[in-house]
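Chemist: Below is one structure. I have some questions about it.
Each value in this text was obtained by applying a stated rule to the coordinates, not by laboratory testing. Worth saying up front: this structure is predicted, and the values here are computed from it rather than measured. FYI the Cβ positions are ideal-geometry reconstructions off the backbone, even for glycines, and counts take in every protein chain you see.
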Ligand code: FEO
């Protein structure tokens, strides 16, 4: 995307990355991503809010050249992660008089991560706005969405809030604006996927920072990934829903099967749950998109891991999925395990230990010897009944 004027003397100078398919060597990017960078020109000073990923350095520099920016006073990183900060050294080389304006935690991290020298920084906090001349930048500390140093920059006169990762989406597009995300389920899904992968472990902080956004009541929300929101209600209401304590009448069944026993167990169990009025999200862990799995963790009341027994424990794919649940800390309320074994094992203890950091109620697992028989199907029906009873207890069974 070329440069885009957002308002008088405010420009989008970032980069769209349509081709990137993985982030952090972990997160799939079905819609690519963008690294949004914003230039704000006051009557006296010029500031750049966030830079871009180092792979898109030339795009940012060409955009600044195209706007004839000969002097840059401030570079403002809202976050130290390199997809936004990684080009600060390049920009400092291009504009040696420029100073990096950020909070003290972010400063320390940038000194460590990018080896930027101390004298290049100006440290700010919530009580230290800076004036560009007719444009005032305020800094709102927003820790732990998703690193400890994260902050928002608020452009007072234009009522624009720059939130960096918060409220963002990995979504590359030729269009910078979104009027109402519900008009595009792709944008809604990209934002939800992003929330699940990046923000969900920090749900309590998400809620606190949503309140800050509400108090400021900005007319535009400009994150550093994805579109700019003209209708902030869309993204704020979605975040309120995702970060609330409410769960939905959904069960995630995430399984792996080696020789068909666990698959037969899973298929029967899914059918039983469905018959009893529960919505099931089924994932074969052999070829799972962890983003899709994470998204379902935003809402589901229950997760059931399905695994065969391998070397006296759960299959490594089941361990990986369970570890993902552990670190993403969803609001899921109940967990159970189904699967098969040949001669013994510690699958249940092993997976239970992995989830011990979460306040999940364990619904008694069903681990079956060999291929399931009639009596085993009864056990699976009983387990489905127990799930139904739990969903009913918390009032989500429709
Ligand atoms: Fe987009 Fe946490 O970096």
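Chemist: Work out, step by step, the length gained on full extension between residue 233 and residue 385: first 0.36 nm times the residue separation, then minus their alpha carbon distance; give nm to one decimal. Don't skip to the answer; put the middle values down first.
Modeler: Details: separation 152, 0.36 × 152 = 54.72 nm, distance 3.89 nm.
In short, 50.8 nm is gained.
Chemist: Grab the beta carbon distance between residue 186 and residue 207, set R0 = 30 Å, and tell me the FRET efficiency rounded to 0.05.
Modeler: Details: r = 26 Å, r/R0 = 0.87.
Computed FRET efficiency for residue 186 and residue 207: 0.70.
Chemist: Now a separate question. Segment 174-238: D in µm²/s via Stokes-Einstein (Kirkwood Rh, Cα pairs, 25 °C, 0.890 mPa s)?
Modeler: Details: Rh = 12.4 Å.
Approximately 199 µm²/s, per Stokes-Einstein.
Chemist: Would you please give the FRET efficiency between residue 274 and residue 82, computed as 1/(1 + (r/R0)^6) with r the Cβ-Cβ distance and R0 = 45 Å, to the nearest 0.05? Could you put the intermediate results ahead of the total?
Modeler: Working: r = 45 Å, r/R0 = 0.99.
Efficiency for this residue pair is about 0.50.
Chemist: Provide 391, 259 in ascending order of the number of other Cβ atoms located within 10 Å of each residue's Cβ, fewest first. Walk me through the numbers before you get to the answer.
Modeler: Numbers: 391 25, 259 11.
Going from sparsest to densest Cβ surroundings: 259, 391.
Chemist: Can you give the FRET efficiency to the nearest 0.05 for residue 248 and residue 144, using r as the Cβ-Cβ distance and R₀ = 25 Å? Mind showing how you got there, number by number?
Modeler: Values: r = 26 Å, r/R0 = 1.02.
For R0 = 25 Å, the calculated efficiency reads 0.45.
Chemist: Taking square-rooted eigenvalues a ≥ b ≥ c of the alpha carbon gyration tensor, is segment 312-398 rounded, prolate or oblate, where a/c under 1.5 means rounded and, failing that, a/b exceeding b/c means prolate?
Modeler: Values: a/c = 2.58, a/b = 1.09, b/c = 2.38.
Taking the square roots of the gyration eigenvalues as a ≥ b ≥ c, segment 312-398 is oblate.
Chemist: Taking 1 over the mean of 1/r across every pair of different Cα atoms in segment 1-146, what Kirkwood radius in Å do you get? Write out the running numbers ahead of the final one.
Modeler: On the way: mean 1/r = 0.0638 Å⁻¹.
Kirkwood radius, segment 1-146: 15.7 Å.
Chemist: Something else about it: Report, in degrees rounded to the nearest 10, the 0 to 90 angle that the Cα long axis of helix 261-275 makes with the longest principal axis of the chain.
Modeler: So the inclination is approximately 80 degrees.
Chemist: Related question: So if each residue of separation counts as 0.36 nm, and I subtract the Cα-Cα distance between residue 215 and residue 156, what length gain in nm does that give?
Modeler: On the way: separation 59, 0.36 × 59 = 21.24 nm, distance 1.30 nm.
Taking residue 215 through residue 156 to full extension adds about 19.9 nm, to one decimal.
Chemist: Which whole number of Å³ per residue matches the convex hull of the alpha-carbon atoms in segment 109-234? If you can, show how the numbers build up before the last one.
Modeler: Values: hull volume 16.7 nm³, N = 126.
Taking only Cα atoms, segment 109-234 has a hull volume of 132 Å³ per residue.
Chemist: Taking other Cβ within 10 Å of each residue's Cβ, how do 127, 45 sort, fewest first? Please list the in-between numbers first.
Modeler: Working: 127 7, 45 17.
Final ranking by Cβ density, sparse to dense: 127, 45.
Chemist: In addition: With just the Cα atoms defining each centre, how far is segment 187-208 from segment 337-358? Give it in Å.
Modeler: The distance from the Cα centre of segment 187-208 to that of segment 337-358 comes to 29 Å.
Chemist: When the helices in the chain are scored as -39500 (n - 2.57) per DSSP H run of 4 or longer and the sum is shared across all residues, what 222 nm value do you end up with, to the nearest 500 deg cm²/dmol? Display every interim value, and only then the final one.
Modeler: Values: 12 runs with 132 residues, N = 398.
Theoretical 222 nm ellipticity from helices: -10000 deg cm²/dmol.
Chemist: Just the C-alpha atoms of segment 248-393: what Rg/Rh do they give, with Rh taken as the Kirkwood radius?
Modeler: Using Cα coordinates only, the ratio equals 0.92.
Chemist: Also, quick follow-up: In a GNM of the chain with a 10 Å cut-off on Cα contacts, which of 287, 205, 231 has the highest mean-square fluctuation?
Modeler: Its mean-square fluctuation being the largest, the pick is 287.
Chemist: Also, I was wondering about something else. Take the Cα gyration tensor of the chain, multiply each eigenvalue by 5, square-root it, and list the three semi-axes largest first, rounded to whole angstrom.
Modeler: Details: eigenvalues 439, 82, 62 Å².
Sorted largest first and rounded, they come to 47, 20, 18 Å.
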